1. Summing -39500 (n - 2.57) over the DSSP H runs of n ≥ 4 in chain B and dividing by its residue number, what mean residue ellipticity at 222 nm do you reach, to the nearest 500 deg cm²/dmol?
2. Need the full-extension length gain, A:Ala23 to A:Ala311, defined as separation in residues times 0.36 nm minus the C-alpha distance. One decimal, nm.
3. Which of A:Ser156, A:Val142, A:Gly119 sits farthest toward the positive end of the charge dipole of region A:113-174, with +1 on the Cβ of Lys and Arg and -1 on the Cβ of Asp and Glu?
4. Would you list B:Glu135, A:Glu37 from fewest to most Cβ contacts within 10 Å?
5. Ranking A:Ile266, B:Ile238 by Cβ neighbours within 10 Å, fewest first, what do you get?
6. Report the local net charge at A:Arg133: Lys and Arg +1, Asp and Glu -1, summed over other residues whose C-beta lies under 14 Å from its C-beta.
7. Measure nothing but the geometry: give the 0 to 90° angle between the long axis through the Cα atoms of A:113-124 and the longest principal axis through the Cα atoms of chain A, rounded to 10°.
8. Under a GNM of chain B (C-alpha, springs under 10 Å), which listed residue has the highest mean-square fluctuation: B:His66, B:His27, B:His51?
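We did not get these values from a lab; they are worked out from the coordinates using the rules stated. Just so it is clear, the model here is predicted, and its values are computed rather than measured. Note: ideal-geometry Cβ built from the backbone for every residue, glycine included; neighbour counts use all protein chains shown.
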Amino acid sequence: MTQHAPPMSASPADAASPSADSARTVVFSNVSKFYGEVLGVNGVNLTVGPGITSLVGPNGSGKTTLMNLMTGLVRPSRGRISVLGMTTDEPEQLFRQVGYCAQFDSFPRGVTARGFVTGFLEVHGFRREEADRLAGAALERVGMLAVADRKVASFSKGMRQRVRLAQAIAHQPTLLVFDEPLNGLDPMARAESIALFRALAAEGLFLIISSHILHEADMMSDRVVLLNQGYVVAEGSVQGVRAAMDDQPMQILVRCDRPAALAARIFAQELAVEARLLTLPNGDPALLVRARDADRFYLRLNSIVAEGDIALYAVAPADDDLQAVYQYLIGGQGGTA
Amino acid sequence: MMANHWPLWRRQIAAIVRLEVRKSLFHRRALILYLLALAPVLLVALLANIHPTLVRTSAVLDATGHYVRERTVVQRHGPLQDPAVAPLVFADLYNAMILRSVVFFGCVWIFMNLFRAELVDRSLHFYFLAAVRREVLVAGKFIAGLVTALTLFSMSTAGALFFYYQARGYDAAMRDIWDGHGMAQVFTYLGMTWLGCLGYGALFLTMGLFFRNPIVPALVVYGWEWLNFLLPPVLKKISIIHYLTSLSRVPLPEGGAAIVAVPTPAYISIPGLVVMTGVLLYLASRRIRSMEINYGGEA
């Protein structure tokens, strides 16, 4: 078996630690899951806190396995999982606080959207009137109230996805786990769903979302967990993970009036390993710098600007987005984004 | 502490029963169950109403012994019309047709599908994602299966009994039911059907959780139950059919090659079946407690 390096962590506090408040976190402690001889995930140490956390990785990287593990649908072959201070062996406790929108696109036959969510809430133990009220509220929240009494079988994939979202949030859980929730949604519904996720996170809920769509994951996540071949390869904020990648110099785009002169100064002070003169689409000149130590580069850039002979218009990191991080960490190993 | 959970569990079980009964009684898949339940009713109705007739002609004489006229009596002469053999014929029919076929295969269909069909349809996870104890889920599903089986097969048994009594005509039937042993017989047959649903239901629900393809073990059980008459008395007791047939008020013919065993008394048969049901449901609960959702592979 290939030896994998420990995952890149944006901050040491993010890593699993005994001091973490387990009642407010999801903690994986050395968790492995094997399906027979097939690896699901291996040696996962992870702590997930409030806000939106995205699990990102190519197909087969272990995203769904991690989600199924934290919701007790599968059991770890090794290691321990604590979800908001509970074990995953007691669904009757766990699912009072957890809602899971799984990827399985199947429903009981002949069921309507309202009947499905109401039935689910009644199995939770809610009384009929309360279940009706909560189901209505959840369907309204995902924009399905108008078609709530239609049969799910007549819905498009995106509509079915939203019914499953309603089922996951209907009992007002604290932790929401969404497996590829944007799959099958049209652009408008995707934007609405992302807005819903942000609103739920703003209400103090935990959201753990898996996604293939990097820019959407980047846009909605407070932190990401990058997975590849069953291993966590990085975790933390996208910018934090990017900054921790010492072997990949940071790309910084500098807009100024004299990029060539700036490049010369930068090289003279050994601030960059590479600098490229560019012309931006609007015709402005710019300099793309690859710096090993971004903090030192920014500090020295201030000094250069202070000398007054180069007019600086804008400075922005060019590769601290999820796409770049993903490409550096996984792309070279055949991952698909 | 435990007692506090009962109202919640009752609500959850009721919700599961409502969902499951709707699926098992009012779904297209239920058609096969309706046909199965109807089969013995139709058979007994045919035997009761389509039968050979015996035409007897006799002379009517007056008080002085003189011939007055001829009297023709048409008598129904089928197996269910003869009061001497009808109970035996019906017992045989009930045993072979209702108990060993309708109740057995009906329970296979109903109870094995409670979990297995949800795995095939990839919808079991919806129950697993609810805040419900898995033991409560087993109880809810079992009760739902029982409601379905009892409804259908009680009607099947009652329908067959209706035509059994109808075969002998209204007056004879009423006499037998109210003045004879008819009422006790009706309740014995219904009770055997109910206990059959209970025992086979628990067995097939549990088998549905332990075997990926439970049809093969179900056929093995079917063979074992059919060959029960050939088994030595000790082995006979490791079957459900032995305890059910022990309850029959009419000795059930087992054939010339049968090894005769003393019937188990009702005070052992009935609690025995109930205890067996409890043990099987406990095993099912243990199994489902550790069950994983992996629709692509082993459940």
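1. -20000 deg cm²/dmol
2. Answer, rounded to one decimal: 98.5 nm.
3. A:Ser156
4. Ordered from fewest to most neighbouring Cβ atoms within 10 Å, B:Glu135, A:Glu37 come out as A:Glu37, B:Glu135.
5. B:Ile238, A:Ile266
6. -1
7. On a 0 to 90 degree scale, this one is about 80.
8. B:His66
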